[in-house]
Amino acid sequence: MTSHSQVPPQHYNFESYVTPARWNSYWHQIREVVAAKPNDALYIGIGDDIVPTVLEARGIRVKRFDFDPSLRCDFTGDVREIASTVPVESADVVVCCQVLEHLPYEEFEETLKGIFRIARKRVVLSLPYAHVTLAALRMKLPKTPRISLNVSVPCFWRDWKFDGQHYWEIGTRFYSRRRVENAISRVGRVACKFFASDNKYHLFYILEK
C-alpha cells in the first residue's frame, strides 16, 4: 500500500516550523508520555525528532516509526499497516501526533486500532482542529495562576479539500468533533482530551488500556 501524502524533510526547518505554539504542543506530548512512567515508547512520524530526543534524555527508550526509509528509523512502513510491522503491546506508550490527518478519513479508525494494539499503557494522539478565534486573553498577576481565555468556533461551514498534506481536519464540515470522537471511543477508552494550552489547533486525546 502506498502513502497518499508525505511531508518533505525541508518542511521541518527549525526557523519556520518550530514556532512557540508548536513548542507548547511538544511540551504536552512530553508531559503525557512522562506521566505514564514508561520504560519505552514508540514515536510515529518523527518530524524534526525533537520530542523523541527529549524523551531519551529522560531515560526513556524510544523507537521510531516513519514512512521515509531515508530517516533510518527502527521501523519503516505505512502507518495503515503498522500492526503487521510492530509487535502487539511492544511499547508502554505510543505517540501519534499530527499524523493521521495525512490519511483519508475512511482509513482513520482502522489505522488507530492498529496503533492502539501496540501500546501496553496509553496512546498519546493529537489531531488538527480547524477553528476561528473570536477572542483571546492571557493574564498573569503576581502570586496567582495564569488566566487564559480563548473563545473560538469550529469552521463548520468549510468544506475541507485535500491541501497536499491534510485530507481532513476536525471542526470542518463532515468532520465534526462528535463524529471523530465517536470513532476514537470505539477504539479505546479516552482518559482525557484537551487542547494544547497555547495552541488550540492541536487537540489531544489520551487513550488508555
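Of everything in segment 84-114 that is over 18 Å from Ser126 (Cβ atoms) and among the hydrophobic types (A, V, I, L, M, F, W, C), the residue that is nearest to the chain's Cα centre (by Cα) is Val86. Give the residue that is nearest to Arg22 (Cα to Cα), with candidates limited to residues of segment 40-73 that are without any contact (Cβ under 8 Å) to a residue 24 or more places away in the chain and acidic (Asp, Glu). Among those residues, the one meeting the criterion is Asp49. Considered as a group, the residues in segment 63-95 that are assigned to a strand (DSSP E or B) and out of contact with any Phe, Trp or Tyr (no Cβ under 6 Å at 6 or more places or on another chain) include one that is farthest from Asn199 (Cα to Cα), and that residue is Thr76.
Residue by residue, here is whether (1) part of a loop (DSSP other than H, G, I, E, B); (2) among the aliphatic types (A, V, I, L, M); (3) at pLDDT 95 or above holds:
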position	(1), (2), (3)
Tyr26	no, no, yes
Gln29	no, no, yes
Glu32	no, no, yes
Lys37	yes, no, yes
Leu42	no, yes, yes
Leu55	no, yes, yes
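From (1) at pLDDT 95 or above; (2) not in a strand (DSSP E or B), pick out the condition that doesn't hold for Met1. Here Met1 meets the rest and fails (1). Screening Val7 with (1) at pLDDT 95 or above; (2) under 16 Å from the mean Cα position of the chain (by Cα); (3) in a loop (DSSP other than H, G, I, E, B); (4) not aromatic (Phe, Trp, Tyr) gives one miss only, at (1). Against the list (1) surrounded by 19 or more Cβ atoms within 10 Å (Cβ to Cβ); (2) on the phi > 0 side of the Ramachandran plot, the condition Tyr175 fails is (2).
Of the residues that sit in segment 108-165 and are of a type in the set (D, E, K, R) and at pLDDT below 85, which one is farthest from Phe195 (Cα to Cα)? Applying the filter and picking the extreme gives Lys143. Determine whether segment 28-45 contains at least one residue that is acidic (Asp, Glu), closer than 29 Å to Phe162 by Cα and surrounded by fewer than 20 Cβ atoms within 10 Å (Cβ to Cβ). No: segment 28-45 contains no residue that is acidic (Asp, Glu), closer than 29 Å to Phe162 by Cα and surrounded by fewer than 20 Cβ atoms within 10 Å (Cβ to Cβ). For first residues located in segment 157-184 and more than 25 Å from Val123 (Cβ to Cβ), partners that are exposed (fewer than 12 other Cβ atoms within 10 Å of the Cβ) and among the acidic types (Asp, Glu) and lie 6+ apart or on another chain with Cβ distances below 8 Å form the pairs Arg173/Asp159.
The values are calculated or read from the model by the stated rules, or taken from the named source; none is laboratory data. Because the structure is predicted, anything quoted here is derived from the model rather than measured. For neighbour counting, all protein chains shown are included, and Cβ atoms are generated from backbone atoms with ideal geometry for every residue, glycine included.
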